[in-house]
Structure formats: C-alpha cells, structure tokens
Amino acid sequence: MPAVLGASISYSLRTAEGLLDMAPFIGQAFTLRATGRLTCTCCGKEVRKFYGQGMCFPCLQNAPEASECIVRPELCRAHVGEGRDPDWEIAHHATEHTVYLSRTSSPTATSTGIKVGVTRSTQVPTRWIDQGAVAALPIARVPYRQLAGLIEVDLKRTLADRTDWRGMLRAVGSDASDLSALLETIPQLLNEGLHRYLLPDEAATALLYPVLLYPAKVTSVQLAKTPEVSGRLAGIKGQYLIWEDGRVLNVRNHGGYHVSVE
C-alpha cells in the first residue's frame with residue numbers, strides 16, 4: 001500500500017482503476033476478497049502458486065529483487081558492477097543508503113523494541129512506515145548498499161534487526177528520546193573505519209497511524225487459506241489492515257494477489 005506521511009499517515013490500495021484512498025473505510029465495514037487470480041510481481045506472468053513473496057519460481061531464482069543481498073545488504077556487490085542484473089543493481093543498490101534506528105514496539109523484559117535498519121535514502125520515510133515504526137532516527141548515510149550492510153552487521157550484535165509484528169500491532173508510544181540516547185553509544189559498537197558515515201545531528205521523526213482501536217489479541221490471516229476477510233476496519237499500521245475483531249492481513253505479503261473490495 002502506498003503511504004504518505006502527514007499529521008497521520010494516509011494509505012492507498014492499488015487497484016485496476018488506480019489508487020483507492022483507504023481513509024473513508026476506516027471505522028466502516030470493509031471486505032477484501034481474493035478473486036483466485038495470481039500474477040508474478042516481477043514478470044507479470046499468471047501463475048498457480050507463488051514462490052517467495054509474490055514471485056514465480058524463475059523470478060525467485062533469477063530476479064534481482066530476490067537476490068540474497070536484499071535480506072543481507074553486506075553481501076551486495078552493486079558497487080563493483082556485479083549482481084543478478086547489474087543495471088538494476090546500479091539503479092537500486094549502487095546509490096545512497098540510510099541506516100536508521102526505529103521504535104516498532106514497546107519495551108519488554110526481553111526487548112527494547114528498537115531495531116536497526118537499512119534502506120535507500122529515496123525510501124525514507126516509506127520504509128519506516130512499511131515497518132510500522134512510531135519513531136525513526138537516521139544514524140548514517142553511505143554511498144552504496146554494502147556499506148550500509150556492514151554498519152548494520154556491527155550494530156545488530158547489540159540491536160534487533162527484525163520487527164516484532166505482534167508488538168508493532170499494539171499501541172506504542174512515539175517518544176524518540178531513547179533513540180537519541182542510543183545514538184550516543186553507536187560509535188562504541190561500530191568499526192572505526194565506518195565512523196565517517198555517522199550522522200550526529202539528525203532529528204527523529206514521529207509517525208502516527210490511522211488506527212481507531214488496537215485489538216487485545218491479533219490473528220494473522222492469509223488469502224490463500226481465507227479468501228474473504230470481512231468486518232469493521234479498525235485501522236492500518238505498517239502494511240497491515242486491522243479489523244476490530246483482531247484479524248490482521250499483511251498487504252505486502254499478498255503482492256500479486258488480485259482482489260476485490262467492498
């Protein structure tokens with residue numbers, strides 16, 4: 001779902017007719033129904049099943065969008081002209097990247113609720129929104145993806161690098177003071193050769209999501225098993241549609257599904 005940062009984040013759903021503004025549906029009855037048609041998000045080929053996230057099997061094996069460095073940016077070779085598709089790599093990975101801290105869930109006995117992440121600088125703040133961050137702080141900018149991955153590798157020895165989706169789908173305070181405090185410790189965790197990319201004076205961004213009610217318990221649903229999801233839409237956070245009874249659907253994970261909405 002495309003999203004726009006404002007006083008509250010505005011979401012749209014891609015349809016055959018264009019972008020559908022989701023704001024009028026929040027608080028109303030909303031039905032999402034899979035038509036049964038699936039098309040690969042990379043090549044557009046109609047398929048019977050997906051491999052990976054919305055991909056046909058050949059694209060999973062060969063497309064740059066499914067290369068290992070998507071998940072492990074420290075393995076990226078775009079800066080030396082290598083990759084599954086060098087032209088794609090140059091456009092997407094041999095370009096400025098931002099390393100950031102974000103709060104995606106509340107602190108618990110076993111987690112701070114803060115994670116480190118990597119994204120192309122042109123994807124700020126889209127990446128933060130997709131992950132459901134309530135506050136985010138850029139900590140480094142680098143000229144290509146591999147360097148961002150090296151910084152992330154050092155920091156994830158101490159910090160989480162994955163989002164707790166259940167924790168993210170609860171009410172989370174957006175106070176960013178703990179991100180700023182953590183920033184002071186980053187040089188101690190980082191290889192000295194990477195210090196020159198650090199950003200000591202960036203301001204944190206707070207993000208507010210259009211959620212009327214956070215359910216006490218959430219249950220993830222998938223269109224492959226539940227082709228129709230209907231009920232009162234309580235809100236949207238990250239890439240999740242949230243129904244008031246606690247059912248949630250990750251729209252990003254359903255790329256390539258054709259659906260109808262009511």
* Structure fact -> By residue number, the members of region 86-104 that are among the hydrophobic types (A, V, I, L, M, F, W, C), in contact (Cβ under 8 Å) with a residue 40 or more places away in the chain and not in a loop (DSSP other than H, G, I, E, B) are V99, L101
* Give region 31-85 a look and list any residue that's surrounded by fewer than 17 Cβ atoms within 10 Å (Cβ to Cβ), assigned to a strand (DSSP E or B) and in contact (Cβ under 8 Å) with a residue 60 or more places away in the chain, or say none. => T31, R33, T35, G36, R37
* Contacts under 6 angstrom Cβ, first residue in region 246-262 being more than 21 Å from A29 (Cβ to Cβ) and in contact (Cβ under 8 Å) with a residue 12 or more places away in the chain, partner surrounded by 15 or more Cβ atoms within 10 Å (Cβ to Cβ) and β-branched (V, I, T), 6 or more apart -> G255/T41; G256/T39; G256/T41
* Go over the candidates A148, A181 one by one and state the one that is out of contact with any Lys or Arg (no Cβ under 8 Å at 6 or more places or on another chain), surrounded by fewer than 19 Cβ atoms within 10 Å (Cβ to Cβ) and in the same structural domain as A135 (by TED's automatic domain parsing). => A181
* To do: Would you be able to tell me the number of residues in region 153-170 that are under 21 Å from H93 (Cβ atoms) and either out of contact with any Lys or Arg (no Cβ under 9 Å at 6 or more places or on another chain) or not in a helix (DSSP H, G or I) (or both)?
  => 5
* Asked: Just for region 171-183: of the residues that are assigned to a helix (DSSP H, G or I) and polar (S, T, N, Q), which one is nearest to I242 (Cα to Cα)?
  -> S177
* Asked: In region 207-230, how many residues are among the β-branched types (V, I, T) and more than 21 Å from the chain's Cα centre (by Cα)?
  -> 2
* Residue in region 184-214 that is surrounded by the most Cβ atoms within 10 Å (Cβ to Cβ), counting only those that are aliphatic (A, V, I, L, M) and assigned to a loop (DSSP other than H, G, I, E, B) -> L207
* Asked: Taking the stated definitions as given, is D175 under 21 Å from the mean Cα position of the chain (by Cα) and not small (G, A, S)?
  -> yes
* Asked: So, in region 3-30, of the ones that are of a type in the set (F, W, Y) and assigned to a strand (DSSP E or B), which residue ends up surrounded by the fewest Cβ atoms within 10 Å (Cβ to Cβ)?
  -> F30
* Does R157 meet the test of being exposed (fewer than 15 other Cβ atoms within 10 Å of the Cβ) and either of a type in the set (F, W, Y) or closer than 30 Å to H258 by Cα (or both)? -> no
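The values are calculated or read from the model by the stated rules, or taken from the named source; none is laboratory data. Source: prediction; values computed, not measured. Because the Cβ atoms are built from the backbone with ideal geometry, glycine has one as well, and the counts that use them run over all protein chains shown.
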